[in-house]
Structure formats: C-alpha cells, structure tokens
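Visitor: The following block contains the structure, expressed as structure tokens.
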Amino acid sequence: MNKWLEILVGLILLIGIILIAFWSHGSGRWDLWSSAWIIFKGAVFWIIFAIGTILILLGISDLKN
C-alpha cells in the first residue's frame, strides 16, 4: 500500500472514531468515552504491574550474582 494512502486512511479512521466518540457521549450503552477510559485505566494498571515485576526479577537476578 502506498505510504500516503496509509497515512490518509489512518487519519480518516482516527478522525472518524473521535467524531463517533463525541457524538455518542452520554448516550448510555454506546458511550465510547467511558469504555475508552476504562481500558486506559486497565492498561496503566497492567503496565505499572509489569514494570514492578520486571524490577523485582532484575533485583533477584542481581542477588544471585
């Protein structure tokens, strides 16, 4: 796929989903902002959990040496 076409399709998709999210705000079941916020909070939780786990494993590995 042409790189300019990829950029154009990506921009159309991003702008489209942002517009849909704004229009759906507060409409109950299809409130995409609420869903996006929940997923973002979950992602932040798992990223922090993974970083903590990696740091503990690195510390244990350093204790062995």
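The values are calculated or read from the model by the stated rules, or taken from the named source; none is laboratory data. Note that this is a predicted model, so its numbers are computed, not measured. Methodologically, a virtual Cβ is constructed for each residue, glycine included, from the backbone with ideal geometry; neighbour enumeration extends over all protein chains shown.
Visitor: Please list, ordered by first then second residue, the pairs with beta carbon atoms under 7 Å, 6 or more apart or interchain, first in the range 1-16 and at positive phi, second surrounded by 10 or more Cβ atoms within 10 Å (Cβ to Cβ).
Guide: Between residues of the range 1-16 that are at positive phi and residues that are surrounded by 10 or more Cβ atoms within 10 Å (Cβ to Cβ), there is no close pair.
Visitor: Can you tell me which residue among ILE12, ILE18, ILE54, ILE48 is at pLDDT below 85 and among the aliphatic types (A, V, I, L, M)?
Guide: ILE18
The rows are residues; the columns are (1) within 17 Å of the chain's Cα centre (by Cα); (2) part of a helix (DSSP H, G or I); (3) surrounded by fewer than 10 Cβ atoms within 10 Å (Cβ to Cβ).
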| residue | (1), (2), (3) |
| --- | --- |
| GLU6 | no, yes, no |
| GLY10 | yes, yes, no |
| GLY16 | no, yes, no |
| ALA21 | yes, yes, no |
| ASP62 | no, yes, yes |
